[in-house]
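In what follows, a single structure is set out as C-alpha cells and then discussed.
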Amino acid sequence: MHLTTVWFALIAILWAGYFLLEGFDFGVGMLLPFLARDNRERRLLINTIGPVWDGNEVWLLVAGGATFAAFPEWYATLFSGFYLPLLIILVALILRGVAFEYRGKKDDPVWRRRWDRCIIGGSFVPALLWGVAFGNIVRGVKLDAHHEYVGGFFDLLNPYALVGGLTTLALFLLHGAVFLALKTDGEMRLRAGNLAARLAPVAIIIAGTFLLWTSLTHHDAIGSVLSLAAALALAGGTVAIFVRREGWAFLATGLTVVLAVFALFVTLFPDVMPSTVAAANSLTVHNASSTPYTLKVMTWVAVAFTPLVLAYQGWTYWVFRKRLTVDRIPS
C-alpha cells in the first residue's frame, strides 16, 4: 500500500474521531435551551463535557495538520476556496471555548445568558457547516487547471451540501442527547432520553436521505455498504434509545457517525477534491501529496506518538466516567 493511501486513510480516521467526540460536544451545547430549566441545570450539562471538550478539539488540529503535511495542495485549495465558511467555523469555535471559561466568572444572570448564547451558537454553526463543507468536497467544486477554486461562496450552498449540513446537525443533536442520557441521572436523564427518542426519527430521515443520495450519485460499492451499515447502526441506536439502554445507544450513534465519515472518504478516493469543471483538474492523493520522504517521516512520528495520545485521552474519559446529578451542583 502506498503511503499516500495510508495517509488518506489516517486523515479519514482523524476526521471520524473528531466528529465522534466533538459531535456529542456540539450536541450538548445546542441542547442547552431545550433541556436545562435553570442555571444549575445548565451548569450540569456543561459539566458533562467540561473535562473533555478541549481534548476533543485536538482531533481537529491534528486532522488539519496532517492534511497540511501529507497533502499540502489539498490543504491550500481547501482553505483558500472555503476561506469564509472555515473562518466562520473558527470564530464560532473560539467564542464557544471562551464561553465555557468565562460564563462562571461573574455572578450575573445577564452575563451568563450572553455566554450561554455563545455556547449554543458556537455549537450550532460548526455542526451545520462541517456537513456543508464535506458535502461539497464529496460532490466536487469548481477547480481550474491550477487546482484553484474559481467558484463563489453561494456555489457551496447547493442542495446536496445543505442536506449534508442538516445530516451532521441532526446526528450531532441525537448523539449529544444520548450522551446526556448516559452521563446524567435523575430527571435530566429521563428528559434527555425522551428528547433523544424524538430526535431519532428525524435523524434517520435526514441522514438516510443524504447517504442514499451519495450512493446513487457516486455508485461506489464499498461506500454504499458503509452507508448501509451506518443506517443500520442508527436504526439499532434508535431501538436502544426507546428501551432505555443508553450505553448501547451511545455506541450505536457513535458508530453511525464513524461509518458515515468512512463512507464519504471511501466514495471520495482516490480524489481528495474533485473538480466539476474538468476531471483533469481534480486533486487526487497522487498530485496533492508531499514527497515520499516527508510521508515516511510522518508515518514514523505517527507510529510513535499516536498510542500515547490515545492512551491519555482514554484515561481522561475513564477518570470522568461517572454520572452527574443536579443535586451535586452548588446553588
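Just a few scattered comments:
- Helices of the chain meeting both criteria, an alpha-carbon length of 18 angstrom or more along the long axis and an average Kyte-Doolittle score not below -1.0, with helices taken as full DSSP H segments, are 3-30, 53-70, 83-102, 109-139, 159-183, 187-218, 221-242, 246-268, 292-319.
- Values of log10 I(q)/I(0) for region 220-331 across q = 0.22 Å⁻¹ run -1.15, by the Debye formula with one identical scatterer at each alpha carbon and no solvent.
- Estimated from the Cβ-Cβ distance and a Förster radius of 35 angstrom, the FRET efficiency linking Leu310 and Val110 is about 0.25.
- Charge-dipole axis of the chain as Lys and Arg at +1 and Asp and Glu at -1 on Cβ define it, positive-most pick from Leu95, Phe71, Pro159: Leu95
- For the chain, modelled as a GNM whose springs connect Cα atoms under 10 angstrom apart, the maximal fluctuation among Trp213, Trp300, Trp115 occurs at Trp300.
- Ordering of 74-83, 142-151 by packing [mean C-beta count within 10 Å, highest first]: 74-83, 142-151
- Zone residues, region 110-126, relative to Ile329, backbone N less than 20 Å from point 7 Å out along Cα-to-Cβ: 110-124
- A simple spin-label model places pseudo-atoms 7 Å from Cα toward Cβ; at Arg321 and Leu228 they are separated by 3.6 nm.
- Nitroxide proxy distance, nm - points 7 Å out along Cα→Cβ at Leu90 and Arg198: 3.8
- 5 Å binning of all Cα-Cα separations within region 1-125, expressed as whole percents from 0 upward: 2, 10, 18, 21, 16, 11, 9, 6, 4, 2, 1, 0
- Stretch gain in nm, segment Val239-Thr276, where the contour uses 0.36 nm per residue and the Cα spacing is subtracted: 9.3 nm
- Paramagnetic reach from Arg37 (point 7 Å along Cα→Cβ, amide N under 12 Å) across region 161-187: 187
- Estimated dipole of the chain in Debye, rounded to 20 [Cβ of Lys and Arg +1, of Asp and Glu -1, Cα centre]: 1200
- Descending semi-axes in whole angstrom, ellipsoid equivalent of region 1-42, from the Cα gyration tensor: 38, 6, 4
- Charged-residue dipole, Cβ positions (Lys, Arg, Asp, Glu), region 100-188 about Cα centre, Debye nearest 20: 240
- With the charge dipole of the chain set up from +1 on Lys and Arg Cβ and -1 on Asp and Glu Cβ about the Cα centre, the Cα lying farthest toward the positive end among the listed residues Ala240, Thr184, Ile137 is that of Thr184.
- Heavy-atom surface of the chain, accessible at 1.4 Å and reported per residue (Å²): 48
- Of the residues Asn39, Thr299, Val258, the one whose Cα sits farthest towards the positive end of the charge dipole of the chain is Asn39 (charges of +1 on Lys and Arg Cβ, -1 on Asp and Glu Cβ, taken about the Cα centre).
- Relative contact order, percent, the chain [alpha-carbon distance under 8 Å, six or more residues apart]: 25
- For Thr184, nonlocal amide neighbours, meaning residues 5 or more places apart or on other chains whose placed amide H falls under 5 Å from its own, are Leu324.
- Within straight-line cross-link reach of Lys322, aspartates and glutamates at Cα separation under 12 Å, skipping those fewer than 8 residues along the same chain: Asp185
- Tail beyond 23 Å, pair distance distribution of region 166-299 (Cα, percent): 45
- Relative contact order, whole percent, for region 161-223 stands at 38, derived from Cα pairs under 8 Å and 6 or more residues apart.
- The GNM of the chain, with springs linking C-alpha atoms under 10 angstrom apart, assigns the highest mean-square fluctuation among Ala133, Ala304, Ala221 to Ala304.
- Residues whose amide H lies under 5 Å from that of Lys142, counting only those 5 or more places away or on a different chain, are Val150, Gly151, Thr276; hydrogens are built 1.01 Å from N in the peptide plane.
The values are calculated or read from the model by the stated rules, or taken from the named source; none is laboratory data. What you see is a predicted model; the values in this text were computed from it and never measured. Every residue, glycine as well, gets a Cβ built from its backbone with ideal geometry; the counts of neighbours run over all protein chains shown. Heavy atoms of the whole protein, side chains included, go into the accessibility calculation; ligands, DNA and RNA do not. Shrake-Rupley method; radii C 1.70, N 1.55, O 1.52, S 1.80 Å.
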